[in-house]
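The values are calculated or read from the model by the stated rules, or taken from the named source; none is laboratory data. Predicted model, so just to flag it, every value in this text is computed and none were measured. With ideal geometry, Cβ positions are generated from the backbone for all residues, glycine too; neighbour counts draw on all protein chains shown. With ligands, DNA and RNA removed, areas are computed over all heavy atoms of the protein, side chains included. Shrake-Rupley method; radii C 1.70, N 1.55, O 1.52, S 1.80 Å.
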Amino acid sequence: MLIKPLALMDLDDTLFQTAKHLPLSVLKHVATLDKNGQPLAFMTDTQLQFWQWLNASTEVIPVTARSVSGLARVQIEFSSWVVCQHGAVILSPSGVIDVDWAARMNTQLARYQSDLASYCFEIMQAAQPFTDVRAWVTDEFEQSIYIIVKKSANNDVIFKQIIDSLKNSPRAADYYIHINGNTMAVLPHVVSKQSAVAYLLQRIQHDSARPIIGWGD
């Protein structure tokens, strides 16, 4: 029997992107909607053909920073497991939360629940010189997970200055930073795509010879 490879697939800026990244003339296929139901991200013809080939030839597992609701706005139908919220949440093929992973995350994130709000305030204090920066704590199932910092200006200095100003914070050692364009995520070390994927592969990988392919970050 032919065994399909597992494809661990990043989504944003890998399989599709917003219009600011490419000319609208090549962005022909709506890939995601915004909260108001309007088109937000798009696929090129090449990306669409790539997705169709990948979906037919592999078992695709999205691995994304998106929230559960953000993933629901993606106009692509996934049929396998899903890793979202930078690895803090794993959903089964039927869309049910993986309770074992959720229990592990609940335990490991417990000590960060009040600290995340405090650190978010500290980050906004560091961002005060800039008027186009927003920061908030993202959550899922009433659990705080990590901090999102967004800037509207295409200014690479902004995140650098915020990061430099936080180096002496007593909280800095408990977090790591992931930057994608104008979005910076400040995450507790217990939250990571890598740890979530390692858990998931151990759970579903019954054939050690099964190929595993990864795209994106």
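Note that the range 47-60 has calculated 3J(HN,Hα) couplings of 5, 5, 5, 4, 4, 4, 5, 4, 5, 7, 10, 9, 9, 8 Hz, one per residue in order, obtained from phi through the Karplus relation 6.51 cos²θ - 1.76 cosθ + 1.60 (θ = phi - 60°); glycine and proline are x. The accessible surface of the range 1-141, taken with every protein chain in place and a 1.4 Å probe, is 56 percent carbon and sulfur. Considering all C-alpha pairs of the range 75-163, those separated by over 23 Å amount to 41%. Evaluated over the range 20-169, the count of Lys pairs having alpha-carbon atoms less than 25 Å apart is 11 (only pairs 8 or more residues apart or interchain). If you take the beta carbon distance between ALA19 and GLN161 as r and set R0 to 30 Å, what does 1/(1 + (r/R0)^6) give as a FRET efficiency, to the nearest 0.05? Efficiency at R0 = 30 Å is approximately 0.60. Rolling a 1.4 Å probe over the protein heavy atoms gives the chain an accessible area of 53 Å² per residue.
Percent relative contact order of the range 128-194, based on C-alpha pairs within less than 8 angstrom and at least six residues apart?
Relative contact order, the range 128-194: 30 percent.
The alpha carbon centroids of the range 163-186 and the range 45-65 are separated by 31 Å. Taking the convex hull of the alpha carbon positions in the chain and averaging its projected area over all directions gives 13.3 nm².
Solvent-accessible surface of protein heavy atoms, probed at 1.4 angstrom with all chains present, puts VAL60, VAL157 in the order VAL157, VAL60, largest first. Computed from label points 7 Å out along Cα-Cβ, the spacing between ALA103 and LEU201 is 2.4 nm. Around the amide H of TYR146, modelled in the peptide plane, lie the amide H atoms of THR138, all under 5 Å away and 5 or more residues distant in sequence or on another chain. Once the Cα atoms are used to define both axes, helix 113-126 deviates from the longest principal axis of the chain by about 60 degrees. Each Lys or Arg adds one and each Asp or Glu takes one away; over the other residues whose Cβ falls under 15 Å from the Cβ of ASN182, this sums to +1. Between ALA56 and TRP136, the C-beta separation translates, for a Förster distance of 45 Å, into a calculated FRET efficiency of about 0.70. Would you mind checking the tilt of helix 156-166 against the longest principal axis of the Cα atoms of the chain, expressed as 0 to 90 degrees and rounded to 10? The angle comes out at about 60 degrees. Couplings 3J(HN,Hα) for the range 183-190, derived from phi with the Karplus relation 6.51 cos²θ - 1.76 cosθ + 1.60 (θ = phi - 60°), are 10, 10, 9, 10, 10, x, 4, 6 Hz, where x marks Gly and Pro.
A Förster radius of 22 Å, combined with the Cβ-Cβ distance separating LYS150 from GLN38, puts the computed FRET efficiency at roughly 0.70. Our helix-only sum for the chain, with -39,500 (n - 2.57) per DSSP H run of n ≥ 4 divided by its residues, gives a mean residue ellipticity at 222 nm of -9000 deg cm²/dmol.
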